[in-house]
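Before any comments, here is the structure.
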Amino acid sequence: VEQAAFAPAHMVPGIAPSPDRMLQGRLFSYADTQRYRLGANYHQIPINRPISGTSNQHRDGFMAINGNGGSAPNYWPNSFGGPHPNNLPGQTYPKNFAVSGQVGRHTYEVTDADFEQAGVLFEMFSSEEKDRVASNIAGGLSQAPVFIQKRQLKHFYRASKDYGRRVEAALKAAGSKL
């Protein structure tokens, strides 16, 4: 029982903390204290582990005792059935509550503006640098399944048409079956 880790931040989905300042401080500090005392994976210790299990990308570190996720992916988004976040406001946390004005959480929509900076940077490169960037990307990406290559190419094309064309050509040169 000396490994039990209690913290007010451990709430079931659907219950959210109030904006009380003392509680807000404890939400951080209690769990932080448990991480220091028991290690980064204190939530895997049997006395602290939920009965129903968890679905997240936490792996590695001191006292990892749950098989370390095996061969499952530890990143999101992934195409291999790994855990994914639920970003629906009001479903797992409150939409809004008054503090000093309105605060809340909102879903994030990916738009073309998210790709502009990468495209502008790519256009600043010389032709040789662009070829090297495309070749470096293709070197690793060519090892991924084709459906992932196609998905990533869409991102490069959204950043810059030239960026997408060069990466696609480099993938084909690297033996991709696009």
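The values are calculated or read from the model by the stated rules, or taken from the named source; none is laboratory data. These figures come from a predicted structure and were not determined experimentally. Positions of Cβ are backbone-derived with ideal geometry, glycine not excepted, and every protein chain shown enters the neighbour counts. Quick note on the areas: whole protein, heavy atoms, side chains included, nothing else; ligands and nucleic acids left out. Shrake-Rupley method; radii C 1.70, N 1.55, O 1.52, S 1.80 Å.
This table checks each residue for (1) of a type in the set (A, V, I, L, M, F, W, C); (2) under 25 Å from P73 (Cβ atoms); (3) at pLDDT below 85.
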residue: H10; (1), (2), (3): no, no, yes
residue: S18; (1), (2), (3): no, no, no
residue: Q24; (1), (2), (3): no, no, no
residue: F28; (1), (2), (3): yes, no, no
residue: R37; (1), (2), (3): no, no, no
residue: I45; (1), (2), (3): yes, yes, no
residue: R49; (1), (2), (3): no, yes, yes
residue: G53; (1), (2), (3): no, yes, yes
residue: D60; (1), (2), (3): no, yes, yes
Exercise. Scan region 142-158 and give yes if some residue there is assigned to a helix (DSSP H, G or I), out of contact with any strand residue (DSSP E or B) (no Cβ under 7 Å at 6 or more places or on another chain), in contact (Cβ under 8 Å) with a residue 24 or more places away in the chain and over 20 Å from P77 (Cβ atoms), otherwise no.
Key: no
Quiz item: Which residue pairs have Cβ atoms closer than 8 Å, lie 6 or more positions apart in sequence or on different chains, and pair a first residue in region 104-123 that is within 13 Å of S160 (Cβ to Cβ) with a second residue that is of a type in the set (D, E)?
Solution: F122/D162; E123/D162
Quiz item: Which one of the conditions (1) open to solvent by less than 50 Å² (accessible area, probe 1.4 Å); (2) at negative phi does M11 fail to meet, given that it meets all the rest?
Solution: (1)
Quiz item: Restricting attention to region 106-122, which residues are assigned to a loop (DSSP other than H, G, I, E, B) and hydrophobic (A, V, I, L, M, F, W, C)?
Solution: V110
Quiz item: Within region 14-32, can you find the residues that are surrounded by 12 or more Cβ atoms within 10 Å (Cβ to Cβ) and without any contact (Cβ under 8 Å) to a residue 24 or more places away in the chain?
Solution: P17, L23, Q24, R26, L27, F28, S29, D32
